[in-house]
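Enquirer: I'd like to ask you about the structure that follows.
A short reminder: the numbers here are calculations on the coordinates, not readings from a lab. Only a predicted model underlies this, so the values are computations on that prediction, with no experimental measurement involved.
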Amino acid sequence: MLTQSVQYNIMRKTDNKKIISRYIDEVENTGDVSRIHEFIDEKYVEVYEGERYEIGIKGAIDHILGVRKVFPDLKLTIENQISEGEWVVSVYSVTGTFRDEWFNMKPTGKPITFTGVNVDRIKDGKIIEHGGAANLFEPLFKAGVIIKIK
């Protein structure tokens with residue numbers, strides 16, 4: 001029989017993974033940011049290249065809407081998740097059609113697929129920190145977005 005503490009930790013890990021899964025399904029995959037406050041903390045932080053940026057809910061909304069402008073049919077699928085304490089690691093794949101300019105790259109109208117890993121921290125049922133990495137170079141090269149210079 002599991003102790004009450006072990007049962008709580010198992011439930012919290014499951015709950016944290018569900019929070020991330022629901023956020024992806026209900027916000028990122030739909031572009032519906034009207035309920036983002038249910039998932040993202042006011043002091044939400046994104047981590048890139050070791051730098052921490054407190055962007056809050058408004059920054060998270062801007063990010064979602066910006067990505068969906070470039071890839072309006074974006075579909076992120078979680079392939080695997082691991083949870084430890086407050087942390088959830090999600091391995092995912094993404095498909096989407098490149099429809100708008102992105103970092104001075106011209107849209108091709110072609111679909112791309114890429115993979116990545118997200119690392120999210122959850123506290124009191126909300127995402128408070130996000131970071132990760134995605135394999136974008138090869139898919140963008142194959143789609144003709146990035147071209148080889150001779």
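Enquirer: Have a look at S93, S21, S34 and tell me which one the Gaussian network model of the chain (Cα, springs below 10 Å) gives the largest fluctuation.
Expert: Highest fluctuation of the listed residues: S34.
Enquirer: Can you give me the long-range amide H partners of A143? Hydrogens built in the peptide plane at 1.01 Å from N, cutoff under 5 Å, separation of 5 or more residues or another chain.
Expert: none
Enquirer: What is the helix-to-structure angle for 56-70, meaning the angle in degrees between its Cα long axis and the longest Cα principal axis of the chain, kept from 0 to 90 and rounded to the nearest 10?
Expert: Between helix and principal axis, roughly 40 degrees.
Enquirer: A follow-up question, please. What is the set of long-range amide H partners of E86 at a cut-off below 5 Å, with H atoms built 1.01 Å from backbone N?
Expert: Under 5 Å from the amide H of E86: no residue qualifies.
Enquirer: Against the longest principal axis of the chain, how steep is helix 4-23, in degrees 0 to 90 to the nearest 10, with axes from Cα atoms?
Expert: Once rounded, the angle reads 20 degrees.
Enquirer: Kirkwood Rh, the chain, all Cα pairs: how many Å?
Expert: Answer for the chain: a Kirkwood hydrodynamic radius of 16.5 Å.
Enquirer: Once phi is turned into ³J(HN,Hα) by the Karplus curve 6.51 cos²θ - 1.76 cosθ + 1.60 with θ = phi - 60°, what whole-Hz value does each residue of segment 24-36 show in order, with x for glycine and proline?
Expert: 5, 5, 8, 10, 4, 6, 10, x, 7, 8, 5, 10, 4
Enquirer: Using only DSSP helix segments of four residues or longer, with each worth -39500 (n - 2.57), what per-residue ellipticity at 222 nm results for the chain after dividing by its residue count and rounding to 500?
Expert: Rounded to the nearest 500, it is -9000 deg cm²/dmol.
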